[in-house]
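S.K.: The structure is given below, and queries will be raised subsequently.
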Amino acid sequence: MQDKHPHVVILGCGFGGLFAARALARAAVRVTVVDRTNHHLFQPLLYQVATAGLAAPAIAAPIRQILAAQKNATVLFGEAGRVDAARRAVVLEDGSEIGYDHLIVATGSTHSYFGHDDWARHAPGLKTLEDAFDIRRRVLLAFEHAERESDAQRRGAWLTFVVVGAGATGVEMAGTLAEIARHTLRGEFRHFDPHNARVVLVEGGERVLPSYPADLSAKAKLQLERLGVTVWVGRQVSGIDADGVQLGDERLAAKTVIWAAGVAASPLGASLGVPLDRAGRVIVGPDLSLPGHPEISVIGDLAALPWHQPPVPGTGPAAKQMGRHAARNVLLRLAGRAPKAFRYRDYGSLATIGRSSAVALLGRMKLSGYPAWLMWLIAHIFFLIGFRNRIAVLIDWAWAYWTFQRSARIVTGGIRSRPRP
């Protein structure tokens, strides 16, 4: 017998999608969660997989396992190609369709190279586990190539690591790369000293961590420089290829470039037939629904909220709040009640820079250095999905803190599978 309960379809199982699904756990609805991967990913720690600090299972968990006890939820492994709002149907990649009564779109964002998509093959971004594995391979094999290189200039290119973009991801990545070179790999190579590796953080704006107050940005820059990172602000990248980065008239030879400069909304938003902002995000109403389609809510990085002041950041906490709010509005509509407007509650911002180095903004309170780092560590352990993941990360971090070693330095494929040119 077919279930007559209203059908709620959730596209994407990042923070927004997962918290929307959980908020409907006790409701008299059918929930279908569709994701193009089989796992939920704790993205704030993805850079640690890319830099060999954590293994992938420590920050990811199977979606089916997470939602196994939620009897009204079904998980489908698939990718939404488009949404047919007129027929209330989601068209998947194979042409099959899923009908819905209410739809929550949480498909997130992807990399933006500002019209230079050809840079992607030379400068990978960091959004998925596949991205993290690619970056980790490039970084570790750069040192292996340097060991075999006899020419000092060519070796210098292998030992130069450029991170483009000084937001939280770029700052965290640059600081960790410096720690790898100066601590983790110390004494492991015979033909060069890893301490001589150069990490360059390039930012087009006037300061690192531009979303933070200026004094915290200055402290973050100072902590990066103490770690050995070269910080260039006010420098625009004009070209990236297999051999380096062009910065106006200046050329920087570097075999490893990591992109952390921009994001673009998921292309699925364009199929909704509603206005988009310049970043491709869907402009939603105060209740997070689409104009003319109250049964469709868009949340997370795909949603633009121009009416909300201050602006809602593209962070995990914001996506969680939007996911829960969209689910509650679904239940209000099913009960014949008016939906409520969304208001983001800012509980603070944290960015780690390296060992015992971080900055934190908690309301009016500003922290930097060890206190901020300790708060960052506790917060990320607390918000990880699953008890096993918390224990695994805590053990790995404790080991890394006392030994300077990183536990996930394995790459596969051999030297022939060198980083893609």
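S.K.: Could you state the principal axis extents of the C-alpha atoms in the range 120-261, from the largest down, to the nearest angstrom?
M.R.: 44, 33, 29
S.K.: Shifting gears a bit: Taking the Cβ-Cβ separation of ARG345 and GLN236 as r and a Förster radius of 35 Å, what is the calculated FRET efficiency to the nearest 0.05?
M.R.: Using R0 = 35 Å, I get an efficiency of 0.50.
S.K.: Oh, and also: Suppose the chain between ALA28 and LEU332 were pulled fully straight at 0.36 nm per residue; how much longer would it get relative to their current alpha carbon spacing?
M.R.: Full extension from ALA28 to LEU332 adds 108.2 nm.
S.K.: Report the net charge of residues surrounding LEU18, where surrounding means a beta-carbon distance below 12 angstrom and charges are Lys +1, Arg +1, Asp -1, Glu -1.
M.R.: +2
S.K.: Based on the mean of other Cβ atoms within 10 Å per residue, sort peptides 320-326, 19-25 so the most packed one is first.
M.R.: 320-326, 19-25
S.K.: How much net charge surrounds GLY239 when only the other residues with a Cβ under 10 Å from the Cβ of GLY239 are counted, with Lys and Arg +1 and Asp and Glu -1?
M.R.: Computed value for this residue: -1.
S.K.: Now for a different question. Highest first, please rank the peptides 26-32, 69-75 by the mean number of other Cβ atoms sitting within 10 Å of their residues.
M.R.: 26-32, 69-75
S.K.: Based solely on its DSSP helices, what 222 nm [θ] is calculated for the chain when runs of n ≥ 4 H residues each add -39,500 (n - 2.57) and the sum is averaged over all residues, nearest 500 deg cm²/dmol?
M.R.: After summing the helix terms and dividing by the residues of the chain, the value is -9000 deg cm²/dmol.
S.K.: Right, here's the next one. Neighbouring Cβ atoms within 10 Å as the yardstick, rank TRP158, TRP397, TRP307 fewest first.
M.R.: Listed from fewest to most nearby Cβ atoms, that is TRP307, TRP397, TRP158.
S.K.: I've got another one for you. What is the angle, in °, between the Cα long axis of helix 387-403 and the longest principal axis of the Cα atoms in the chain? Nearest 10 is fine, range 0 to 90.
M.R.: Between the helix axis and the principal axis of the chain, the angle is about 10 degrees.
S.K.: Using only Cα atoms and rounding to the nearest 10 degrees, what angle (0 to 90) does helix 316-334 make with the longest principal axis of the chain?
M.R.: 10 degrees
S.K.: Would you mind checking which residues have amide H under 5 Å from VAL29's amide H? H placed 1.01 Å from N; only 5 or more apart, or other chain.
M.R.: Close amide H contacts, sequence-distant or interchain: none at all.
S.K.: Mind pulling the angle between the C-alpha long axis of helix 370-383 and the longest principal axis of the chain? Nearest 10 degrees, somewhere in 0 to 90.
M.R.: The helix 370-383 is inclined about 40 degrees to the chain.
Rule-based calculations on the coordinates, nothing more; no lab input. From a predicted model like this one, the values you see are computed outputs, not experimental measurements. Note that each Cβ is placed from the backbone with ideal geometry, even for glycine, and that neighbours are counted across all protein chains shown.
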